[in-house]
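Notes to accompany the following structure.
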Number of protein chains: 2
Amino acid sequence: MKRHLIKTIHEEKIIDTDATVKGWIRSVRNSKKFSFVVLNDGSSQKSLQIIVDEVLPNYADVAGLLMGSAISVTGRLVMGGGKIPSIEMQAKSVEIIGKTDESYPLQKKATSLEFLREQAHLRIRTNTFGAVMRVRHHLAMATHEFFAKRGFFYLNSPIISGVDAEGAGEMFTISTLASDISKAPKTKEGKLDFSRDYFGKETFLAVTGQLEGECYAMGLGAVYTFGPTFRSENSNTTRHLSEFWMIEPEVAFADLDEIAELATDYIKYLISYALTNARDELEFLYSREDATVEKDHMNTLMHVRDSKFMRVTYTEAMEILSKVDPSIKRFEYPTTWGSELQTEHERYLAEVHFKMPVIVTDYPKEFKAFYMKLNPDQRTVRAMDILVPGIGEIIGGSQREDNLDLLTKRMDELHMQKEPLWWYLDLRRFGSVPHAGFGLGFERALMYITGMSNIRDVIPFPRTPKNCDF
Amino acid sequence: MKRHLIKTIHEEKIIDTDATVKGWIRSVRNSKKFSFVVLNDGSSQKSLQIIVDEVLPNYADVAGLLMGSAISVTGRLVMGGGKIPSIEMQAKSVEIIGKTDESYPLQKKATSLEFLREQAHLRIRTNTFGAVMRVRHHLAMATHEFFAKRGFFYLNSPIISGVDAEGAGEMFTISTLASDISKAPKTKEGKLDFSRDYFGKETFLAVTGQLEGECYAMGLGAVYTFGPTFRSENSNTTRHLSEFWMIEPEVAFADLDEIAELATDYIKYLISYALTNARDELEFLYSREDATVEKDHMNTLMHVRDSKFMRVTYTEAMEILSKVDPSIKRFEYPTTWGSELQTEHERYLAEVHFKMPVIVTDYPKEFKAFYMKLNPDQRTVRAMDILVPGIGEIIGGSQREDNLDLLTKRMDELHMQKEPLWWYLDLRRFGSVPHAGFGLGFERALMYITGMSNIRDVIPFPRTPKNCDF
């Protein structure tokens, strides 16, 4: 008999017919003449209750199964008689496929998120991680749908990179010599001779696909990346990963205003898509015992979806912050013009002052990358960050400097080498146009929408300092 | 005036109205009283012809523009009077945004694909690469659509890996110590002390996401990856990249037959999607002067889309090959049972014998990875490769060994360390189920469908030995 997914049974309300389901046991409860087995096959948040009658020949074996065991069940689908009627199956035969034993790490008693991080290969079998990862899937689909509908083309920017694009220096080196340096060719200074390495030079894991995105926007008009990016900074926080996924659209002929609007529409689209396609998952996540978001996070998201995002310049933001009564909120870092906007400031703006996502624009050039377009005031650049309550920055973007002279002047000020970026400068030499783009940290957006408070819990196998298992 | 994409103008047949378009000049042809400017904005293969009348105040400047220059034009859209009527624009005003000069590398005279590889930052501005990369986009969209429709969840498997999953050893090492080994901590043997490296151990660029895919299939039921994978083999061929994208579905409760059917449906879906959504691009590519596919490649693809894929076992394939008349085709490598199926064999089967994609199954276990399910004959495994004409293998897959004892026995035979894969073995300890999956090399599928003959021309920025520019 053809296998049915449990999702299909619930969605299409399939009853009064025989069917086969396969999945893993979430719980077994034995009463006098029946065993109640809750089966989940991963297709949806909802499981299927199966009633196993003691008359079944292998009843004793089935009733003795432990959580996590895999079975195939053929039986009749009927509407159950509970307070909230739900479809259930009356088993006609049960095949035991794969058992577990008492050593199975995922036992019924509440397993902490921290413990589950050490069981990253198994945690997807829990309600919580099933929910999170299905939401992750839906937000990835929403991303492709959003950009494709608007005529953007998906760009796979390279992961192995020969340049340090952000100038931040926090990059992983890639090498085929490093595995055994005792046998590797070395320079006079005792360094690895990268000229004899696989790529003939030192190479890195990309921190961004933006520069290549700019190349492609100049040909295809509007592109977006959606791929892994890397930082080797030694940050052990709940908001940082060494490997994370970013979405980076880049649009030719666009300015900062258009890109801010695009970013706003995109965030709203993500929220809307999740509310439509993963409602069961969100409801489950917000009602978890150790959830750190408020129970009405769904309403908060709906409010954000339907509201205009606040927009302030950096200068206005600093004015707001400098007027905050210190008896209400005392900041650790200064709030004078020319100081960096710190996480405490970002969170105050989004969570306390505006209680909404807020777009901060026009930062002092000193805090931002070399490629951002200089404003006429000569001291700020056409940059934006989008800050959301609970998380802080989830998007950073800018209009790019499209004037060759101004761009090279800025690179000189920063003592940057221009030679490795000859190709990037070519974009300003040949048919240069105004253009702009942004980067969304996918996991931060996921934290915001799922309400999970640790970024390690919204990516399947997190990589952080001293942590690369599985 | 709101900007129109050129794609929209052609698709929605917008005429007898004023509009603004922005893009890059593909050619300028000056006649007595007019200049004919062909403008492309990347949104589609089709450009828009613009007629610039000499009465325009900046006519001389516009008529003197070189290919590659960026302009914004406002004018009236009308149906042109050529042999094949096409929409064109009568310019009312032209704004010059960014010029090029004679040093612009992409000049009109046919630029070879080889030369363009050195201009990977600019080549997207050509008709050929615009076409290829839009097809790439559409096949990525087709991939997500295909799997999502069937209830698969998208999995982002990790890029930074602590294990050598395939046991092939052709991996890149990732390190924060390698950049300057003169200052790095070392072991007594003179190797880098990876215990003091960023992750506390040696780490690699992932060659596959399959093992993590298996973990997730055991929770979500059916998953697929679509991400970059890496090989450090020193292969300088037209079919190898050091960094390439793979799609790896993994399905719980599935056997080899089901996965072979899934792979067939997927390839057909890709073809069908491209024929529907990127027809202009394919027509252009197949009619290129230096195209290496036949002009009727479109018919070939339609035939493949509508036909049953051939299916043979490795044993049958060897029988076919061993019976080939050497006066027709003389193989370099042996065709006796127990010999490897070489590229020459694969291509003969797909191109000469079957003239169709062919699925070869049940290979001798010696040629395949440790995790493949052993057949009752004890000497072949439940593996499959899909071979396509012109390319060779584009898919490799298998049913996985789900029996813990058999799997560990095979690992012992191969002298594999079991400790690093404790988590992978856990999948067979707890709720183990039959499961299967495959990997499609995205660029090889793209070569097949676009008809491009060098894999470096179907990925935006190719990485190969000694080659990591941009």
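The values are calculated or read from the model by the stated rules, or taken from the named source; none is laboratory data. The structure presented is a predicted model; accordingly, all values stated were derived computationally and were not measured. A quick note on method: Cβ atoms are made from the backbone with ideal geometry, for glycine too, and the neighbour counts reach across all protein chains shown. The accessibility values were calculated without ligands, DNA or RNA, using every heavy atom of the protein model including side chains. Shrake-Rupley method; radii C 1.70, N 1.55, O 1.52, S 1.80 Å.
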message = Based on DSSP loop calls and a cut-off of at most 11 other Cβ atoms within 10 Å, the longest stretch of chain A free of exposed trypsin sites (Lys or Arg not before Pro) is what?
response = A:331-470
task = Note down the relative contact order for the range B:116-275 as a percent, whole number, built from C-alpha pairs under 8 angstrom at least six residues apart.
result = 24 percent
ask   = Cα axis of helix B:210-220 to longest principal axis of chain B: angle in degrees, 0 to 90, nearest 10?
value = 90 degrees
task = Could you work out how far apart the two model spin labels at A:Ile320 and A:Lys149 are, taking each label as a point 7 Å from the Cα in the direction of the beta carbon, and quote it in nm?
result = 2.9 nm
ask   = Using θ = phi - 60° and the Karplus form 6.51 cos²θ - 1.76 cosθ + 1.60, what ³J(HN,Hα) does each residue of the range A:179-196 get, whole Hz, x for Gly and Pro?
value = 4, 9, 6, 5, 9, 8, x, 10, 7, 4, 7, x, 8, 4, 7, 4, 5, 9
request  = Taking a label point 7 Å out from Cα toward Cβ, give me the nm distances from B:Thr276 to the same spot in the other copies, shortest first, one decimal.
outcome  = 1.9
query = Does anything in the range B:54-88 have its amide N under 18 Å from the 7 Å Cα→Cβ label point of B:Lys32, and if so which residues?
reply = B:54-56
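Report the gain in length on full extension from A:Ile84 to A:Glu289: 0.36 nm times residue separation, minus Cα-Cα distance, nm rounded to one decimal.
Values: separation 205, 0.36 × 205 = 73.80 nm, distance 2.18 nm.
Full extension of this stretch gives 71.6 nm more.
Given the -39500 (n - 2.57) contribution per DSSP H run of 4+ residues, what per-residue ellipticity at 222 nm results for the protein assembly as shown, rounded to the nearest 500 deg cm²/dmol? Could you put the intermediate results ahead of the total?
Numbers: 26 runs with 262 residues, N = 940.
Rounded to the nearest 500, the figure is -8000 deg cm²/dmol.
Kindly identify the range A:1-137 as rounded, prolate or oblate by the Cα gyration tensor criterion: order the square roots of the eigenvalues as a ≥ b ≥ c, call it rounded if a/c is under 1.5, otherwise compare a/b with b/c, prolate if a/b is larger, else oblate. Present the calculation step by step, with values, prior to reporting the outcome.
On the way: a/c = 1.90, a/b = 1.31, b/c = 1.46.
Because a/c hits 1.5 or more and a/b fails to exceed b/c, the range A:1-137 counts as oblate.
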ask   = Nearest-to-axis residue of chain B, judged by Cβ, for the B-to-A rotation, with distance in whole Å?
value = B:Ala178, 2
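Over chain B, what is the relative contact order in percent, taking alpha-carbon pairs closer than 8 angstrom and at least six residues apart?
On the way: 844 pairs, mean separation 61.1, N = 470.
That works out to 13 percent.
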remark   = Amide H contacts under 5 Å for B:Ser93, restricted to residues at least 5 apart in sequence or on another chain and with H modeled in the peptide plane, are B:Thr74
ask   = Using a basic spin-label model with each label point 7 Å from the Cα along Cα→Cβ, how many nm lie between A:Asp180 and B:Asp257?
value = 4.8 nm
note = So for the range A:251-322, using the alpha carbon gyration tensor with a ≥ b ≥ c as root eigenvalues (a/c under 1.5 gives rounded; past that, a/b versus b/c decides prolate or oblate), I'd call it oblate
note = Filtered pair list for the range B:1-103 (Lys only, Cα < 19 Å, 8 or more apart or interchain) has a length of 14
ask   = How large is ³J(HN,Hα) for each residue in the range A:268-276, as worked out from phi by the Karplus curve 6.51 cos²θ - 1.76 cosθ + 1.60 (θ = phi - 60°), to whole Hz, x for Gly and Pro?
value = 5, 5, 4, 4, 4, 5, 5, 5, 7
ask   = Which far-off residues, 5 or more places away or on another chain, put their amide H under 5 Å from the one on B:Ala278, with H placed in the peptide plane?
value = none
key: Degrees separating the helix A:404-413 axis from the principal Cα axis of chain A, which is the longest one   = 90 degrees
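Could you give the length gained by full extension between B:Phe331 and B:Met302, i.e. 0.36 nm per residue of separation minus their alpha carbon distance, to one decimal place?
On the way: separation 29, 0.36 × 29 = 10.44 nm, distance 3.06 nm.
Gain in length upon complete extension: 7.4 nm.
Could you compute the FRET efficiency for B:Thr237 and A:Lys46, with r as their C-beta to C-beta distance and R0 at 51 Å, rounded to 0.05?
On the way: r = 49 Å, r/R0 = 0.97.
According to the calculation, E is roughly 0.55.
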query = With every protein chain present, what accessible area does A:Thr17 have (1.4 Å probe, heavy atoms only), rounded to the nearest 10 Å²?
reply = 50 Å²
remark   = Residues whose modelled amide H sits under 5 Å from the amide H of A:Glu401, counting only those 5 or more places away in sequence or on another chain, are A:Met372, A:Lys373
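Using only the alpha carbon atoms of the protein assembly as shown, find the Kirkwood hydrodynamic radius as the inverse mean reciprocal pair distance, in angstroms to one decimal.
Over the protein assembly as shown, the inverse of the mean reciprocal pair distance is 30.1 Å.
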request  = Provide an ascending nm list, one decimal, of label-point separations from A:Ser322 to the equivalent residue in each further copy; define each label point as 7 Å from Cα along Cα→Cβ.
outcome  = 8.8
Integer Hz, Karplus 6.51/-1.76/1.60 couplings in order for the range B:362-373, x for Gly and Pro = 6, 7, x, 4, 4, 8, 10, 5, 5, 8, 7, 6
Across the identical copies, how the B:Gln417 labels are spaced - nm, sorted shortest first, 7 Å along Cα→Cβ = 3.5
